[in-house]
1. Say whether the condition of being more than 13 Å from Y4 (Cα to Cα), surrounded by fewer than 15 Cβ atoms within 10 Å (Cβ to Cβ) and of a type outside the set (S, T, Y) is met by at least one residue in region 47-59.
2. For region 33-43, check the following and say yes or no: at least one residue is surrounded by 14 or more Cβ atoms within 10 Å (Cβ to Cβ) and more than 14 Å from V11 (Cβ to Cβ).
3. Filter region 62-95 for residues that are open to solvent by 50 Å² or more (accessible area, probe 1.4 Å) and in contact (Cβ under 8 Å) with a residue 40 or more places away in the chain; which is farthest from K20 (Cα to Cα)?
4. Is region 21-32 home to any residue that is within 12 Å of the chain's Cα centre (by Cα) and open to solvent by 40 Å² or more (accessible area, probe 1.4 Å)?
5. Looking only at region 1-28, which residues are under 18 Å from T72 (Cβ atoms), modelled with pLDDT of 95 or more and touching a Pro at 6+ places or on another chain (Cβ under 9 Å)?
6. Of the conditions (1) within 11 Å of the chain's Cα centre (by Cα); (2) surrounded by 14 or more Cβ atoms within 10 Å (Cβ to Cβ), Y4 fails just one. Which one is it?
7. For region 7-17, what are the residues that are under 15 Å from D39 (Cα atoms) and surrounded by 14 or more Cβ atoms within 10 Å (Cβ to Cβ)?
Amino acid sequence: MGEYVDVKGTVSLADGKPVKKATIFFQPEGAVGREQFTDIKDGQFALKLFVAPYKVAFDTDLKKSSVPAKYTKFTTTDLKLDVQGGIEDAKFALK
């Protein structure tokens, strides 16, 4: 059996400004774990994730968001996070 660990981090845009509001999704890349999500507020997020590698995508109101569209689908995002233990400073810089 595996374990869940605390994961905290930040999400910023290409200009370095924090993503004000969005939802961040983590999709396991293998058979272990399950999809999880949490809200981003002022560039910060925190949740518990099962120890596993994940693809990362975002859900936003595209009309008001400056998150590039490629990061809004698991099929087009290139962001990943390998959770092997608790993470205090995961950083995602969206370009």
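1. no
2. Yes, region 33-43 has at least one match.
3. This residue is G86.
4. yes
5. V11, S12
6. Among (1) within 11 Å of the chain's Cα centre (by Cα); (2) surrounded by 14 or more Cβ atoms within 10 Å (Cβ to Cβ), the lone unmet condition for Y4 is (1).
7. Once the filter is applied, which keeps residues that are under 15 Å from D39 (Cα atoms) and surrounded by 14 or more Cβ atoms within 10 Å (Cβ to Cβ), region 7-17 yields V7, G9, T10, V11, S12.
The values are calculated or read from the model by the stated rules, or taken from the named source; none is laboratory data. The shown structure was predicted, so the numbers you read here are calculated from the model rather than taken from an experiment. Positions of Cβ are generated from backbone atoms using ideal geometry, with glycine treated the same way; all protein chains shown enter the neighbour counts. Surface accessibility is based on the protein's heavy atoms, side chains included, excluding ligands, DNA and RNA. Shrake-Rupley method; radii C 1.70, N 1.55, O 1.52, S 1.80 Å.
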